[in-house]
Amino acid sequence: MKHMIRASFYKLFHDKATWIGLVGTAVWSLLVGSMIAWSADAKLDLSDTYALEKYWRDFMAFHAIRIPLLVSASTLFTTEFKDKSWKLLIARGISKTSFFFSKVLCILVLTIMISFVAITTGAAYGTCALGMQTDGAFAGNLFRYFLLQTVAHGTAAILILAISFLIKIGEISSSLNMVLMIFGTMVLSKLEGALSLGDALTGSWAFAQPMLISFTGQSEWIRILIVFAAYLILCSLAVLLVERSRDIE
Amino acid sequence: MKGIVKTNALTKKYHGFAAVSEVNMSIEKGDIYALIGENGAGKSTLMKMLSGLATPTSGEVILFENQHPEVARFRMGCLIDSPALDTRLSVRDNLEMFARAFGCHKAGEVDRILELVGMTKHAGKAIRKTSLGMKQRLAIGIALLGSPDFLILDEPMNGLDPMGIQEIRQLLKKLNEENQTTILISSHLLDEVSKVATRYGFMKGGHLIQELSEEELEEKSKTCLRLKVSDTAKAAMVCEKELGTENYEVIDAETIRLFDYVDESSKVVTAMVRGGVEVGEIVHVGESLEEFFNNLMTAEARQ
């Protein structure tokens, strides 16, 4: 397992797509920051705490991280299937389990990197261009919110990876991930409404997790971590069960 | 001899169609085993099962005398189908990445492989910008990482120019002679394969129809003149005295095989008659590997 992890990280850091993805995240974050600041209902005084919270919620939960994460993950983690280079690994005795978990670790590290680049860019843009001012307490909340968002996006990243593994054709898995990301929460919300289920469906839906985190709430760690662990276990089981009997063409 | 691979009734079916059927083969240490067959004969499927890429429908594969498959496969290098390389990494980065994954990343290993497959000056090139021949060399290089004991090479000469084919052939011979590396190779270039192989397995329709050693095949495909003569002792004397060759073989009381003068049958007949030997029949026999293969396939198709 450790050899495969070393190899996966070598690939992650030597693949130009990783760095292009991070630069893209920074550019995208600038665009998102501008859009939020210029949108009608955000034209509030950004020195106001409520407006600041709204800025960061819109920035992190809805836009800045999820799109770059989806694009980067779809690009980075499907080439081995497209190039069929993973069969050289399996033929050399590396188990599909080791291969999958090395990629899980990589995608989680990628999530942290993308989240970090996004929040750094967002903060720099907010401070320099929008005149954002934050005190120590707000910065502490922001840091906590950043960590929660990273875990929540990590949950989505695991689902993205599992779908890429199960489908293996990059174009199809990326499209499906995009559809699930955009319409999944919407469809589940409608179902919840129709069946009077409260938030039973969206509450456990990976792509909805970032939107469920409140900026100032204190008791969300357990729920977020439970959902993360559940997705990690279920997605791993699904991938490994399917892969166990699958041939590599 | 130490067993490297043994299969027992190995079968692979896809939707009821048997791509490989009841194959029993054994490869021993030091063999260069050539797997020969037409397209769709089941060679690649058999190789995939040996390398763990395909799960057998029935039967078993025993590697390195019953070593656990995941452990055994660390001792194997594979090139199956087209060169499967990470197209977004450079030549060197591909080797670096696979060396780490195989647990054989140490100082100089990647340079050794680059040198071995003649890719040193292309090390920094992106895979997208390399030719098929270069990709093939690199894929062979990846298979050689960590000096495996057993190599599975499916059509390794594909895409190589004549010089490249010669270099790879020499490399395989060197690995076999110096490191006792066992090699399973499939190729359409029968003449090329025959220059390195020590054992042959012929496949058709998913079945392994014949296995031969290098000597057996040589014997079967040796070209010679087969003569039916009145006196084989006299005929042998004519060979030695008149024709000046000892390269003959007396088969029975009236048959002799002459391995020289193969294209000069009239000269042979004249010498025999002059030596007082009556020649009842003279036949040119023997075939190249290609002819042998074609005849084998035709005979199999008739059955």
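Mind jotting down the distance between the C-alpha centroids of segment B:232-287 and segment A:151-194, whole Å?
Centre-to-centre (Cα) distance: 81 Å.
So who's got an amide H within less than 5 Å of the one on B:Gly77, skipping anything under 5 residues away but keeping other chains? H placed 1.01 Å off N, in plane.
HN-HN under 5 Å from B:Gly77: B:Phe150, B:Leu151, B:Ile152.
Summarise the long-distance tail of P(r) for segment B:1-150 by giving the % of C-alpha pairs beyond 25 Å.
Working: 4203 of 11175 pairs.
Tail fraction, whole percent: 38.
Give me the distance in nm between label points sitting 7 Å out from Cα along the Cα-to-Cβ direction at B:Lys121 and B:Ala107, one decimal.
It is 2.8 nm.
State, in angstrom, two size descriptors of chain B derived from its alpha carbons: Rg to one decimal place and Dmax to the nearest whole number.
23.7, 76
Let me have the 222 nm mean residue ellipticity of chain A computed from DSSP H runs of 4+ only, each contributing -39500 (n - 2.57), with the sum over all residues rounded to the nearest 500.
Details: 10 runs with 182 residues, N = 249.
-25000 deg cm²/dmol, from helical runs alone.
For the protein assembly as shown, compute Rh as the Kirkwood radius over C-alpha pairs and then the Stokes-Einstein diffusion coefficient at 4 °C and 1.567 mPa s; write the answer in µm²/s, rounded to an integer.
The calculation lands on 46 µm²/s.
With a 10 Å cut-off between alpha carbons and a GNM built on chain A, which of A:Leu232, A:Leu176, A:Leu197 moves the most?
Evaluated over chain A, the most mobile residue of the options is A:Leu197.
Once all Cα-Cα distances of chain A are split into 10 Å bins that start at 0, what whole-number percent is in each one?
7, 29, 33, 21, 8, 2, 0
How far apart, in nm, are the 7 Å Cα→Cβ label points at B:Asp252 and A:Met1?
With each label point 7 Å from Cα toward Cβ, the separation is 6.9 nm.
Starting from the Cα coordinates of segment A:1-106, work out the convex hull volume and express it per residue in Å³. Working shown, then result.
Numbers: hull volume 12.1 nm³, N = 106.
Enclosed volume per residue, from the Cα hull, is 114 Å³.
How large is the helix-only mean residue ellipticity at 222 nm for chain B, computed as the sum of -39500 (n - 2.57) over DSSP H runs with n ≥ 4, divided by its residue count, in deg cm²/dmol to the nearest 500?
-10500 deg cm²/dmol
Step by step: find N for segment B:77-190, compute 2.2 N^0.38 Å, then divide the Cα radius of gyration by it. What's the final number?
0.97
Which net charge results for the neighbourhood of A:Asp199, defined as the other residues with beta-carbon distances under 13 angstrom from its beta-carbon, given Lys and Arg at +1 and Asp and Glu at -1?
+1
Could you pull out every one of the aspartates and glutamates with an alpha carbon less than 19 Å from that of A:Lys190, ignoring same-chain neighbours closer than 8 positions?
Counting by Cα, and skipping residues close in sequence, A:Lys190 has these aspartates and glutamates nearby: A:Asp199.
To the nearest whole number, what is the average tally of beta carbon atoms from other chains within 10 Å of the beta carbons of peptide A:69-80?
Average per residue, whole number: 1.
Expressed as a whole percent, how much of the Cα-Cα distance distribution for segment B:48-94 exceeds 13 Å?
So the portion of pairs separated by more than 13 Å is 66 percent.
Evaluate 2.2 N^0.38 Å with N set to the residue count of segment B:1-81, then give the Cα radius of gyration divided by it.
1.05
On the principal axes of its Cα set, how long, how wide and how thick is segment B:97-156? Give whole Å, largest value first.
28, 27, 18
Over the Cα atoms of segment A:155-205, what Rg and Dmax result, in angstrom?
12.6, 37
Calculate the mean, over all residues of peptide A:135-145, of how many other protein chain Cβ atoms lie within 10 angstrom of the residue's Cβ.
Counting Cβ atoms of other protein chains within 10 Å of each residue's Cβ and averaging gives 0.
Taking Cα centroids, how far is segment B:28-60 from segment B:165-185 in Å?
Each part's Cα centre sits 19 Å from the other's.
What translational D, rounded to a whole number of µm²/s, comes out for segment B:56-127 from Stokes-Einstein when the hydrodynamic radius is the Kirkwood one over Cα pairs, at 4 °C and 1.567 mPa s?
Calculated translational D: 91 µm²/s.
Gap in Å between the Cα centre of segment A:54-117 and the Cα centre of segment B:94-126?
Their Cα centres are 25 Å away from one another.
Evaluate E = 1/(1 + (r/R0)^6) for A:Tyr50 and A:Ala124, where r is the Cβ-Cβ distance and R0 equals 22 Å; express this FRET efficiency to the nearest 0.05. All intermediate terms of the calculation are to be shown ahead of the outcome.
Values: r = 22 Å, r/R0 = 1.00.
The calculated FRET efficiency here is 0.50.
Across peptide B:90-99, how many C-beta atoms of other chains are within 10 Å of each residue C-beta, on average? Walk me through the numbers before you get to the answer.
Numbers: counts 1, 0, 1, 4, 5, 0, 4, 10, 7, 4.
Mean inter-chain Cβ contacts per residue within 10 Å come to 4.
How big is Rg to Rh over segment B:135-238, alpha-carbon atoms, Rh as the Kirkwood inverse-mean-distance radius?
Radius of gyration relative to Kirkwood radius: 1.15.
Using packing as a proxy for protection, rank B:117-125, A:7-15, A:27-35 so that the peptide with the highest average count of other Cβ atoms within 10 Å comes first.
A:7-15, A:27-35, B:117-125
For segment B:148-303, divide the Cα radius of gyration by the Kirkwood radius and give the resulting Rg/Rh value with two decimals.
With Rh from the inverse mean 1/r over Cα pairs, Rg/Rh is 1.10.
Of B:Lys121/B:Lys174; A:Lys82/B:Lys12; A:Lys168/B:Lys29; A:Lys11/B:Lys29; A:Lys87/B:Lys29; B:Lys6/B:Lys220, which pairs sit farther than 32 Å apart, going by alpha carbon to alpha carbon?
A:Lys168/B:Lys29; A:Lys11/B:Lys29
Direction-averaged shadow area of the convex hull around the Cα atoms of segment A:108-188, nm²?
Working: hull surface 28.0 nm².
If I average the Cα hull's projected area over directions, I get 7.0 nm².
Read the figures in this text as sums done on the coordinates, not as results from a lab. The structure displayed is predicted, hence computed values, not measured ones. So basically every Cβ, Gly included, is an ideal-geometry build from the backbone, and we count neighbours across all protein chains shown.
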